[in-house]
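**Q** Mind having a look at this structure? Questions to follow.
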């Protein structure tokens, strides 16, 4: 009987193990501007709406995404259809025992520009905030004598943050569905 129960638990464990799917790690591209050699995330998104409607939707997004959107934004100009700001977030590294450590604060600037039927966002001037502001483009140079393998992970953390930022913006910029008349 004990052998039979042991066999059942073994098979059940194998079933659970077989259903376990490893999380796939996605590598994000790091876009480098060919003229300035700086990291710049930029995209133009076509979406239904006038310049003013898109501007208002973006203001709603700012209020949802940032804890203090008034401090984050440095420019909100509906006439020119431009919103600009700066923000910062933390990056981390893990030691060999998987203990999480603070690797620093990343500061970035963003600009969102609106035209009828489309908008463009740009995230650039990305720096590691410390006693000085070190441009993160330094982390692209694998030939640097100070190169640290963690730099690649730091760049991926930045790219994941920008992906989260842009996905959130793009979802909020979709026009609301028009209500259908109640024909009862």
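The values are calculated or read from the model by the stated rules, or taken from the named source; none is laboratory data. All values reported here derive from a predicted model rather than from experimental measurement. Cβ placement follows ideal geometry from the backbone for every residue including glycine, while neighbour counts extend to all protein chains displayed.
**Q** Say we look at the stretch 162-178 and pick out the residues that are touching a helix residue (DSSP H, G or I) at 6+ places or on another chain (Cβ under 7 Å) and assigned to a helix (DSSP H, G or I); which of these is nearest to residue 119 (Cα to Cα)? Steps first, answer last, please.
**A** Step one: of the stretch 162-178, the residues touching a helix residue (DSSP H, G or I) at 6+ places or on another chain (Cβ under 7 Å) are 168-169, 172-173.
When the remaining residues are screened for being assigned to a helix (DSSP H, G or I), the result is 168-169, 172.
On the way: 168: 14, 169: 11, 172: 13 Å.
Only one residue fits best here, namely 169.
**Q** Output the residues belonging to the stretch 154-172 that are in contact with a strand residue (DSSP E or B) (Cβ under 8 Å, 6 or more places away or on another chain) and more than 21 Å from residue 135 (Cα to Cα).
**A** Result: 166, 169, 170.
**Q** State the number of residues belonging to the stretch 131-144 that are assigned to a loop (DSSP other than H, G, I, E, B) and touching a strand residue (DSSP E or B) at 6+ places or on another chain (Cβ under 6 Å).
**A** Keep residues of the stretch 131-144 that are assigned to a loop (DSSP other than H, G, I, E, B), which gives 131-132, 141-144.
Keeping just the survivors that are touching a strand residue (DSSP E or B) at 6+ places or on another chain (Cβ under 6 Å) gives none.
Going through the stretch 131-144 one residue at a time, the tally reaches 0.
**Q** Could you please find all residues in the stretch 61-77 being surrounded by 13 or more Cβ atoms within 10 Å (Cβ to Cβ) and either over 18 Å from the mean Cα position of the chain (by Cα) or touching a residue at least 24 places away in the same chain (Cβ under 8 Å) (or both)?
**A** Scanning the stretch 61-77 gives 61, 65, 76.
**Q** Hey, another quick one. Can you say whether residue 124 is assigned to a strand (DSSP E or B), at pLDDT 95 or above and either under 23 Å from residue 28 (Cβ atoms) or out of contact with any strand residue (DSSP E or B) (no Cβ under 7 Å at 6 or more places or on another chain) (or both), as far as the supplied structure shows?
**A** Working: assigned to a strand (DSSP E or B): yes; at pLDDT 95 or above: yes; either under 23 Å from residue 28 (Cβ atoms) or out of contact with any strand residue (DSSP E or B) (no Cβ under 7 Å at 6 or more places or on another chain) (or both): yes.
The answer is yes for residue 124.
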